[in-house]
Amino acid sequence: MTQASLQLQDVDITFSGQLSSHEGLKGWLKRLTSRQAYSANYRIEALKGINLEIGHGERVGLIGLNGAGKSTLLKAMAGIYPPTSGKVRIKGHVCPMFEFATGFEMNQSGWDNIRIRGLLLGMTPQAIEAKLPEIAEFTELGEFLDYPVRTYSSGMFIRLAFAVSTSINPEILLIDEVMGAGDIAFAEKAKRRMFEFMEQGKILVFTTHNFSLLNDFCTRTVWLHKGKIVADGPTAEIVKQYNETHSRGLLAAQ
């Protein structure tokens, strides 16, 4: 059986398009008094020249300031964002865990949304029904599973999404900040499930600003800045470099 892997070769992702004409009075006055030409187009280079390989059993963290490209990189790995140039090669069943409202039907119950999300993740109806009791127990939502999910808090969304996503036993799990949300008791329960997942030798890619969780889960860390990889290596080493660099403000002008 082929082992799971992720490979990105010279990957660029650029977002471009037309700005809205509804700029308001402030924007209009700024253009009127400025000598600079006004452009109604935008171009954002979210990822630039990314080369990265992640193999079977690796647990990789992604760190960087907001806007560094962490979430964009996760979505490229999930196949959600196709590269503007370069290649992304994915081997194995990928389960992304971010943007939790996506895939939920707000007027349907928690039970119905377990079934819907399971189908979106590639489960068969029979497999979903077999796992319903296990998923429901893990969420600890009880009678709230009978209620429409539009009544749920963000923490309840996370419980439901995490329980379904980790029940399918994916080969590649991509997580964006989920472990930092929700209550402490559920966070500990989720951590235990994550450790069980890692003991099976699956691939984990995890983006976070919480370096305590990073040290718990990831043996390797990739540091992103303005869409580029600054450093890639053992987690303790990269976190030390990151903290030292930002304490001195060395990236501020770059």
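The values are calculated or read from the model by the stated rules, or taken from the named source; none is laboratory data. Because the structure is predicted, anything quoted here is derived from the model rather than measured. Glycine gets a Cβ as well: all are built from the backbone with ideal geometry, and neighbour counts include every protein chain shown. Only protein heavy atoms, including side chains, enter the accessible area calculation; ligands, DNA and RNA are left aside. Shrake-Rupley method; radii C 1.70, N 1.55, O 1.52, S 1.80 Å.
Among the residues of the stretch 121-150, write down those that are open to solvent by 80 Å² or more (accessible area, probe 1.4 Å) and of a type in the set (Ser, Thr, Tyr). 147 - this is the single residue of the stretch 121-150 that is open to solvent by 80 Å² or more (accessible area, probe 1.4 Å) and of a type in the set (Ser, Thr, Tyr). Set side by side, the residues 48, 70 differ, and just one is open to solvent by less than 40 Å² (accessible area, probe 1.4 Å), under 28 Å from residue 226 (Cβ atoms), at pLDDT 90 or above and not hydrophobic (A, V, I, L, M, F, W, C), which is 70. Residue-level check: of (1) assigned to a loop (DSSP other than H, G, I, E, B); (2) touching a residue at least 40 places away in the same chain (Cβ under 8 Å); (3) surrounded by fewer than 21 Cβ atoms within 10 Å (Cβ to Cβ); (4) not basic (Lys, Arg), residue 170 misses just (3).
The residues listed here are 190, 185; of these, the one that is open to solvent by 40 Å² or more (accessible area, probe 1.4 Å), over 28 Å from residue 46 (Cβ atoms) and not basic (Lys, Arg) is 185.
Do you know which residues across the stretch 195-209 are under 15 Å from the mean Cα position of the chain (by Cα), within 25 Å of residue 168 (Cβ to Cβ) and either surrounded by fewer than 17 Cβ atoms within 10 Å (Cβ to Cβ) or aliphatic (A, V, I, L, M) (or both)?
Initial filter on the stretch 195-209 (under 15 Å from the mean Cα position of the chain (by Cα)): 203-209.
Retained after the next criterion (residues that are within 25 Å of residue 168 (Cβ to Cβ)): 203-208.
Correct list: 203, 204, 205.
Regarding residue 224, is this residue touching a helix residue (DSSP H, G or I) at 6+ places or on another chain (Cβ under 7 Å) and in a helix (DSSP H, G or I)?
On the way: touching a helix residue (DSSP H, G or I) at 6+ places or on another chain (Cβ under 7 Å): yes; in a helix (DSSP H, G or I): no.
So residue 224 does not fit the description; no.
Residue-by-condition table, conditions (1) hydrophobic (A, V, I, L, M, F, W, C); (2) closer than 12 Å to residue 110 by Cβ; (3) modelled with pLDDT under 90; (4) out of contact with any helix residue (DSSP H, G or I) (no Cβ under 7 Å at 6 or more places or on another chain):
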{"site": "126", "(1), (2), (3), (4)": "no, no, no, yes"}
{"site": "132", "(1), (2), (3), (4)": "yes, yes, no, no"}
{"site": "136", "(1), (2), (3), (4)": "yes, yes, no, no"}
{"site": "143", "(1), (2), (3), (4)": "no, yes, no, yes"}
{"site": "159", "(1), (2), (3), (4)": "no, yes, yes, no"}
{"site": "176", "(1), (2), (3), (4)": "no, no, yes, no"}
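Condition first: touching a residue at least 12 places away in the same chain (Cβ under 8 Å), among the hydrophobic types (A, V, I, L, M, F, W, C) and open to solvent by 10 Å² or more (accessible area, probe 1.4 Å). Can you find one or more residues in the stretch 173-181 that meet it? For the stretch 173-181, residues touching a residue at least 12 places away in the same chain (Cβ under 8 Å), among the hydrophobic types (A, V, I, L, M, F, W, C) and open to solvent by 10 Å² or more (accessible area, probe 1.4 Å): present. Once the stretch 91-112 is narrowed to residues that are modelled with pLDDT of 95 or more and open to solvent by less than 70 Å² (accessible area, probe 1.4 Å), the residue that is farthest from residue 53 (Cα to Cα) is 109.
Can you give me the number of residues within the stretch 129-170 that are of a type in the set (Lys, Arg) and more than 14 Å from residue 189 (Cβ to Cβ)? Can you show your working first?
Narrowing the stretch 129-170 to residues of a type in the set (Lys, Arg): 131, 150, 159.
Those still in the list that are more than 14 Å from residue 189 (Cβ to Cβ) too: 131, 150.
Looking only at that region, the number is 2.
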